[in-house]
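Since the structure comes first, as structure tokens, the remarks are kept for the end.
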Amino acid sequence: MTGNIYPPAQDANRAKLFSAHQLTLDSYWDKDGHFAWATDLSAHGGYRVHLFHCLAYLAGDDRCVARANRIIVTNFAQTPCHFAPGAALDILTTYRDRLEPDALACLERLIELNVPYMSTEDLKVHGYNDNHVHKAIYSLIIGGEYLGTPQTVERGMLKLRQAVEMFERNGFPCEYNSPNYAPVSLIPLASLAEHTKSDEVRELALRLERFYWRDVALHFDSRVGLPAGPMTRCGDSDATGMTSGTMSLLAYLYPERFAFDYVGEAYGRALESPIVAQSNKLCLPFYHGCVAWMAHPNYHVTPELEEAIFAKPVGTTVRGTAESGTSAVAWKTPADRPEGAPLTHHLGPRRSLLTTYYGEGFSLGTSQYSWLDGVQAHSFYATISHGQKRSPQDAAVYYTRLFFDEENPYGERPVVTGCFKDYGEIRTIQHEGSAMVFYNPHPIKKSVQKIRTGLFRPMMYHAPRELWVGETRLPQLNGMFEQFAPIAIDEGDVYVGIIPTSTAPPLMSARKAALQVHTYSSHLVIGMTGYENWSPTDLSYEQIIETNMGFVFEIHAASGFASFAAFRAWLAKGTISDDYYGNMRTTTYRTDKVELSTCYSPFTSMFRHASINRKAVEVPVSQVDGMPDPGFGIAIVD
């Protein structure tokens with residue numbers, strides 16, 4: 001397969017990263033192969049991550065190879081795992097001649113026991129986490145070829161064909177644009193194309209791999225070097241614009257295209273690096289193991305995909321569909337269940353329109369509906385370029401979360417988190433740099449003190465120039481207001497406008513703080529209140545579900561306005577009608593640039609209607625305007 005490897009410098013890039021990884025040998029492992037970096041076992045990630053480390057060590061000198069063999073034997077675990085069989089096969093297909101007999105026996109025993117677990121019906125593409133499916137396909141086909149079990153190979157081929165069929169009717173994967181898991185899907189697909197003995201498998205694997213590369217390419221803002229929105233399966237490092245998996249993979253493959261040395265940041269000064277998230281620093285061996293696994297395969301990008309990753313013209317709009325399975329809210333105890341709630345609150349399934357617009361100095365992306373329960377997804381996400389360097393340090397991002405009480409890691413009691421969870425059903429409509437975002441809370445508990453929608457803007461690297469609430473400037477970026485008002489933010493070359501929406505004044509008791517702007521834990525937080533009281537109060541199922549919240553978001557190039565004052569005046573002229581009748585919320589937003597209108601019920605997922613400039617929103621399977629499509633037809637459709 002070497003003729004299909006692109007970009008061509010992967011061997012040199014891998015050698016550089018693996019050489020850096022091999023320097024961790026003595027700090028992470030003792031001579032017998034026991035984990036030695038810290039007492040917190042969560043820091044090393046279990047046997048699957050032990051094997052990820054060995055992918056780098058087995059490429060090293062005799063000392064590294066000997067230690068890798070000890071790690072494999074000392075920590076051997078045969079508990080079923082979605083990751084470990086594939087990692088074992090990675091080693092067996094690449095480094096078998098460097099394995100000592102006892103290590104070889106361990107890995108062969110692992111795949112004998114665990115590959116059959118990958119054959120079950122749940123490990124097909126159903127609208128959930130695709131990456132598990134692709135790891136299962138890889139394990140079944142390559143494991144079956146290794147073990148000489150044709151029935152196992154055929155089971156993997158059935159799953160592979162089903163995955164291709166599923167994506168022939170959608171523009172993007174179910175687990176679309178996941179900064180964490182797009183690489184995790186690409187790894188087994190790329191390795192499958194490299195190692196299979198079957199021409200049919202190789203062709204289908206390459207098609208699927210390039211389908212995922214297209215998802216990455218069309219959802220990457222190369223001006224800032226970060227994924228654009230919307231996205232699924234995100235952690236804190238992804239949402240805050242730091243070292244996401246997608247950015248790491250691209251910076252590893254194309255080091256000359258980024259303004260920082262990824263290997264140097266991830267290894268040379270990881271604990272001090274300003275672009276490595278604190279949550280990753282706290283589990284550095286796990287992070288490094290995943291980085292080594294990411295660097296192991298030979299990937300098969302195309303020149304067209306590379307061009308799409310790094311050279312999108314201003315004005316490009318990307319639209320397409322993705323499917324989401326069902327999800328549910330269940331209560332830990334009967335005491336948590338709000339009065340009037342069903343035994344289970346069901347969500348989905350859905351087929352959602354994804355939209356990403358690349359404006360002058362910014363990108364804005366939305367998903368029409370929540371992905372699953374939305375807890376790990378970002379159905380709204382904006383990026384802003386603050387300079388000419390392709391680095392997180394020259395970027396600003398905006399994202400949103402609905403949260404209860406003080407369950408906000410960037411609030412009054414900041415905490416380090418790996419994932420800031422979203423507890424609202426979200427619906428969106430977008431036209432270029434204008435979006436309406438609607439929220440209704442999940443009924444996760446009945447005793448509630450606060451329900452708020454937050455817009456979050458990380459400030460690890462820089463802060464906005466100015467922020468106004470109505471006619472009030474907030475020089476210190478902190479303030480509290482009894483009524484909602486338009487918010488205008490000067491980001492330099494880009495202006496941001498936010499208009500909170502609600503079908504009624506916030507449901508409050510003694511508190512009157514509809515809008516709060518504050519800075520905690522290197523974040524600007526704009527909190528919009530739907531309910532607040534001085535102490536927890538029992539709310540019914542209907543009261544929670546019918547707390548209709550959200551905001552209008554405007555993001556535009558400063559060059560389109562005479563001044564920031566002119567932008568503020570323009571924002572103030574926008575009108576919103578937001579009514580709730582017959583269990584339906586009907587909202588229309590008008591400016592001289594756009595009219596957005598929708599109607600939905602908080603008790604169901606889908607819009608009754610959605611229109612842009614009085615025309616029904618079209619839902620194309622796949623549509624790219626403003627640049628050539630980098631190969632949707634080649635990737636999937638015959």
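The values are calculated or read from the model by the stated rules, or taken from the named source; none is laboratory data. Note that the structure is a prediction, hence the values are computed from the model and not measured. We place every Cβ from the backbone using ideal geometry, glycine too, and count neighbours over all the protein chains shown. In case anyone asks, the SASA skips ligands and DNA or RNA and just uses the protein heavy atoms, side chains included. Shrake-Rupley method; radii C 1.70, N 1.55, O 1.52, S 1.80 Å.
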Check your understanding: Are any of the residues in the stretch 522-530 surrounded by 18 or more Cβ atoms within 10 Å (Cβ to Cβ), under 21 Å from G411 (Cα atoms) and either out of contact with any Leu (no Cβ under 8 Å at 6 or more places or on another chain) or without any contact (Cβ under 8 Å) to a residue 12 or more places away in the chain (or both)?
Key -> yes
Practice item. Of the conditions (1) under 27 Å from the mean Cα position of the chain (by Cα); (2) part of a helix (DSSP H, G or I), R169 clears all except one; give me its number. Key: (2)
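Which count do you get for residues in the stretch 184-212 that are assigned to a helix (DSSP H, G or I), open to solvent by 10 Å² or more (accessible area, probe 1.4 Å) and either under 14 Å from M157 (Cα atoms) or not acidic (D, E) (or both)?
To start, the set of residues in the stretch 184-212 that are assigned to a helix (DSSP H, G or I) comprises 184-195, 199-212.
Add one more test, that the residue is open to solvent by 10 Å² or more (accessible area, probe 1.4 Å), and what stays is 184, 194-195, 199-200, 202-204, 206-207, 210.
Filter once more, keeping what is either under 14 Å from M157 (Cα atoms) or not acidic (D, E) (or both): 184, 195, 199-200, 202-204, 206-207, 210.
Summing the residues that are assigned to a helix (DSSP H, G or I), open to solvent by 10 Å² or more (accessible area, probe 1.4 Å) and either under 14 Å from M157 (Cα atoms) or not acidic (D, E) (or both) in the stretch 184-212 gives 10.
Those residues that are modelled with pLDDT of 95 or more and hydroxyl-bearing (S, T, Y), I need them from the stretch 288-302; list them, please. Full working, then the answer.
Our first condition is that a residue be modelled with pLDDT of 95 or more; within the stretch 288-302, this holds for 288-301.
Within the stretch 288-302, just Y299 meets the criteria.
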Point to revise | Identity of the residue in the stretch 55-102, part of a helix (DSSP H, G or I) and among the small types (G, A, S), that ends up surrounded by the fewest Cβ atoms within 10 Å (Cβ to Cβ) | key: A66
Point to revise | Enumeration of residues in the stretch 106-134 that are in a helix (DSSP H, G or I) and open to solvent by less than 10 Å² (accessible area, probe 1.4 Å) | key: L107, L110, I111, N114, V115, M118, D130, N131, V133, H134
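Looking only at the stretch 415-434, count how many residues are in a strand (DSSP E or B), of a type in the set (G, A, S) and surrounded by 24 or more Cβ atoms within 10 Å (Cβ to Cβ). Spell out how you get there, then give the answer.
First, the residues of the stretch 415-434 that are in a strand (DSSP E or B): 424-431, 434.
Okay, now just the ones that are also of a type in the set (G, A, S), so 424, 434.
Keeping just the survivors that are surrounded by 24 or more Cβ atoms within 10 Å (Cβ to Cβ) gives 424.
Qualifying residue count, the stretch 415-434: 1.
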Practice item. Scan the strands (runs of 3 or more DSSP E) fully inside the stretch 287-372 and keep the ones with 3 or more residues being farther than 30 Å from G60 by Cβ and more than 23 Å from the chain's Cα centre (by Cα). Key: none
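Can you name the residue in the stretch 13-35 that is of a type in the set (A, V, I, L, M, F, W, C) and open to solvent by less than 50 Å² (accessible area, probe 1.4 Å) and is also nearest to the chain's Cα centre (by Cα) among such residues? Give the steps one after another, and end with the answer.
Within the stretch 13-35, the first condition is being of a type in the set (A, V, I, L, M, F, W, C), and the residues that meet it are 15, 17-18, 20, 23, 25, 29, 35.
Cutting the leftovers down to open to solvent by less than 50 Å² (accessible area, probe 1.4 Å) gives us 17-18, 20, 25, 29, 35.
Details: L17: 24, F18: 26, A20: 27, L25: 31, W29: 31, F35: 30 Å.
Per the stated criteria, the residue is L17.
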Check your understanding: Does at least one position in the stretch 409-421 carry a residue that is closer than 23 Å to N180 by Cβ, touching a residue at least 12 places away in the same chain (Cβ under 8 Å) and acidic (D, E)?
Key -> no
Revision key, fill the gap. Selection from the stretch 341-367 of residues open to solvent by 20 Å² or more (accessible area, probe 1.4 Å), of a type outside the set (G, A, S) and closer than 20 Å to C599 by Cα yields P349, R351
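Would you check if there is a residue in the stretch 488-498 being part of a strand (DSSP E or B), closer than 30 Å to A335 by Cα and either open to solvent by less than 40 Å² (accessible area, probe 1.4 Å) or not β-branched (V, I, T) (or both)? Walk me through it before giving the result.
From the stretch 488-498, those part of a strand (DSSP E or B) are 488-490, 494-498; that's our starting set.
Imposing the further condition that a residue be closer than 30 Å to A335 by Cα reduces the set to none.
Taking every residue of the stretch 488-498 in turn, none turns out to be part of a strand (DSSP E or B), closer than 30 Å to A335 by Cα and either open to solvent by less than 40 Å² (accessible area, probe 1.4 Å) or not β-branched (V, I, T) (or both).
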**Study point:** Residue within the stretch 161-175 that is at positive phi and not β-branched (V, I, T) present
**Key:** no
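Let's see how each residue does on (1) under 27 Å from the mean Cα position of the chain (by Cα); (2) small (G, A, S):
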site	(1), (2)
F52	yes, no
A66	no, yes
R70	no, no
D97	no, no
D102	no, no
L107	no, no
V115	no, no
L123	yes, no
H126	yes, no
Practice item. Could you tell me whether the stretch 239-256 includes any residue that is among the aliphatic types (A, V, I, L, M) and under 11 Å from the mean Cα position of the chain (by Cα)? Key: yes
Point to revise | Options E432, E407: the member that is modelled with pLDDT of 95 or more and over 17 Å from the mean Cα position of the chain (by Cα) | key: E432
Point to revise | Selection status of L140, assigned to a loop (DSSP other than H, G, I, E, B), touching a residue at least 24 places away in the same chain (Cβ under 8 Å) and over 21 Å from F632 (Cα atoms) | key: no
Practice item. Within the stretch 12-19, identify whether any single residue is among the polar types (S, T, N, Q), modelled with pLDDT of 95 or more, closer than 26 Å to A205 by Cβ and touching a Pro at 6+ places or on another chain (Cβ under 8 Å), and answer yes or no. Key: yes
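Does F76 count as touching a Cys at 6+ places or on another chain (Cβ under 6 Å) and closer than 20 Å to Y117 by Cα? Spell out how you get there, then give the answer.
Working: touching a Cys at 6+ places or on another chain (Cβ under 6 Å): yes; closer than 20 Å to Y117 by Cα: yes.
Yes: the conditions hold for F76.
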Check your understanding: Across the stretch 310-340, which residue is farthest from P173 (Cα to Cα) among those that are of a type in the set (V, I, T) and surrounded by fewer than 22 Cβ atoms within 10 Å (Cβ to Cβ)?
Key -> T333
Check your understanding: Can you tell me which of F603, F567 is open to solvent by 30 Å² or more (accessible area, probe 1.4 Å) and either of a type outside the set (S, T, Y) or closer than 30 Å to H346 by Cβ (or both)?
Key -> F603
